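Values in this text are rule-based calculations from the coordinates and carry no lab data. This one's a predicted model, so the numbers in the text were calculated from it and none came from an experiment. No Cβ is skipped: glycine too gets one built from the backbone with ideal geometry, and neighbour counts run over all protein chains shown.
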Amino acid sequence: MSAQPLTIHTMSLRKEFGAKVAVADLSLQVGRGEVFGFLGPNGAGKTTSVKMLLGLTRPTAGTAVLLDKPLGDRQARAKIGFLPEHFRFHEWLRAGEFLDLHGRLYGMNREARAAAIPDLLALVGLADRTATKLQAFSKGMLQRIGLAQALLNDPEIVFLDEPTSGLDPLGRLLVRDIIDGLRGEGRTVFLNSHLLGEVEKTCDRVAFIRDGRVLQTISLHDPEERVQVTLRVGSPTPQLLADLTQFGEHVNLSRHNGRIHLTLAHESRLPDLAAWLVQSGYSLYELNPQRLSLEDRFLQIVGNDSGDGAAR
Amino acid sequence: MTTLTIAYLTIRETQRRRILWIALALGLLFLFVFCLGFHYVYLDFERTWVGNEEAQLLASLLLAAGLYATNFIAIVISVVTSVTAVSAEVETHTVETLLTKPIRRWELVLGKWLGFAVMLLVYIVLLTGSILLFVYLRADYTVSNLLPGMMLMVMQGLLLLSLTIAGGTRLSSLANGVLAFMLYGVAFVGGWVEQIGAIVRNETAVDIGIVASLIMPSEILWKKALTLFQPAFTSSPMMAGPFTVASQPSDAMLVYAVLYMAGMVGFALWSFTRRDL
Ligand SMILES: Nc1ncnc2c1ncn2[C@@H]1O[C@H](COP(=O)(O)OP(=O)(O)OP(=O)(O)O)[C@@H](O)[C@H]1O
Ligand SMILES: [Mg+2]
């Protein structure tokens, strides 16, 4: 806690819904000022985890500390912003009234609300919609106003559960800018998202979870050294696939295009691989190295059950 | 403070969603029908003038009928407007942004209760007051115990409100509505069984009525209100009609009703605090 102060620290959080285990064992540490991505397939337990952290859902077991306070603490909640996955708001309120209400619930006084609301409306591009009732808002506009709501109190931690699911490309750019702004101010962002391209651009660190467990946590600042290699070789044999495992992992033969994929630990292995293939008498048509994208890593770590037998 | 904000929000919601206006408009319509009906029936009676005592008896009978209808309207309004108050917030996920604010869960529930309680109070007092005022102006008939009687009618609305708020913390809107009306039905039928039991002196029937009142003590509040308004009329032995009260609710039952309501509110606050959202 001394070196890098933690804003979120969970210890073996677990949530069961009857017989269904939504979150099995969640242990995480998020530092102050970090933009933390929380990734995993549908039903992995991301939303349930966030709801536990926010005190909406009571964990079956385990504990967590947010901003040095236990779960559900009101003082901690005063410094937290949240945009839920299923954002639905009181649609009979006008946009300005909606923000005013939520500011009030945050305990902000009249002046603070009057100062924050116009700026936030402008930030999310709804400055001219102050007097529009939310029922007349489109999905993306609702998400934007929800985002403004999550930033009302100058939060220390902002939880965003799929904040860009309804947004146009400009809106996504906006969210990215907002997140960058928050990082610049030393705020912590906890982001659930399936849009890995965006996560790659915004997050400092990501955790991959599946079945309510953290499989791996990686920093996106550490340079990725592994490369994914695609090979096209004349008549690949099972023996070839077996031999390739000495160079890299996740070796597999794609059934529909006959290409072989494998992951090398470092690109310095590439010349050896090429030399070995030629020396062993295989006819090499194509050797295509590519840095692992976050999506590749997601598929490797979380597993691709629907693909063509990719490695797990 | 938060409780008041939520109460204000609740009132604003019924107004914005036009529930308030519809309830008020229908209340006015009801008043119009009652006043017109009262006027013409009474006019007929005045033409064949018998005597002051009979005229007062007729006025009290018509008034009892009007209050009976008012009471029914109050019950329906109490249940229908508040049945979704808590459950809809959960079902539509609006609760997720509310409760992640630094507020306590019970403040949300209490605020909802308070908002509806204020509206019901005003509504029931206006409706009952208008009827009593009209009968006074038209037939020069005054009821006794005006304020305590009205308070009991309001209490019945609040009792049902507390029930639906409590149910809403756990049940879906539809299930909650069914529960509230079924419980009211039990109280209603139980009330009649007790009434008839008292007239024919069947103790088992009276006991059944008492058990029903324990399950849902709403009907006794109405009966007590009526006996307070018209003590002479309702206890007159020769007048065994639908608006008379043969078996008087005991004071203990009234205390029980108050405790029942407090218990419901308490359960609502506790239950909502414990549930997953
Ligand atoms: N209230 C509930 N009752 C029963 N099961 C639930 C409940 N909420 C979530 N679950 C189950 O818990 C698991 C995790 O759900 P959760 O919503 O946390 O997933 P997620 O990671 O957010 O998924 P997605 O990417 O689709 O949003 C799922 O299998 C879901 O069916
Ligand atoms: Mg989710």
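A few notes on this one:
- Principal axis extents of the C-alpha atoms in segment A:43-163 (largest first, rounded to whole Å): 46, 34, 22.
- Diffusion coefficient (Stokes-Einstein, Kirkwood radius over C-alpha pairs, 10 °C, 1.306 mPa s) for chain B: 80 µm²/s, rounded to a whole number.
- Averaged over the residues of A:143-150, the number of partner chain Cβ atoms lying within 10 Å of the residue Cβ comes to 1.
- Signed unit charges on C-beta, dipole axis of segment A:196-312, positive-most listed residue A:HIS221, A:ALA207, A:SER283: A:SER283
- The charge dipole of segment A:206-311, taken about the Cα centre with unit charges on the Cβ atoms of Lys, Arg (+1) and Asp, Glu (-1), comes to about 160 debye, rounded to the nearest 20.
- Cα-based equivalent ellipsoid of the protein assembly as shown: semi-axis lengths in Å, sorted from largest, via gyration tensor: 69, 25, 20
- Reachable lysines, given that their alpha-carbon falls under 20 Å from the alpha-carbon of B:LYS223 and they are not under 8 places away in the same chain: none
- Burial ordering of A:SER293, A:SER283, B:SER213, fewest other beta-carbon atoms within 10 Å first: A:SER283, A:SER293, B:SER213
- Residue order, fewest to most surrounding Cβ atoms within 10 angstrom, among B:GLU203, A:GLU198: B:GLU203, A:GLU198
- Dipole-positive endmost among B:TYR260, B:LEU174, B:VAL125 within segment B:2-274 (Cβ charges, Cα centre): B:LEU174
- Dipole axis of segment B:2-274 (+1 Lys, Arg; -1 Asp, Glu on Cβ), positive-most option in B:LEU269, B:LEU67, B:ALA55: B:LEU269
- Student exercise, chain B dipole from Lys, Arg, Asp, Glu Cβ charges, in Debye to nearest 20: 900 debye
- A:HIS266, A:HIS90 arranged by Cβ crowding within 10 Å, fewest neighbours leading: A:HIS266, A:HIS90
- Taking Cα atoms only, the orientation of helix B:105-139 departs from the longest principal axis of chain B by about 20 degrees.
- Calculated [θ] (222 nm, deg cm²/dmol) that DSSP helices of n ≥ 4 give over the protein assembly as shown, each run adding -39,500 (n - 2.57): -18000 deg cm²/dmol
- Residue-normalised convex hull volume from the C-alpha trace of chain A: 162 Å³ per residue.
- Compared with the dominant Cα axis of chain A, that is its longest principal axis, helix A:169-184 is turned about 80°.
- Shielding by partners - mean other protein chain Cβ count within 10 Å, residues of B:88-100: 6
- Cut-off 12 Å between beta-carbons: net charge of the residues surrounding A:LEU244, Lys and Arg +1, Asp and Glu -1: -2
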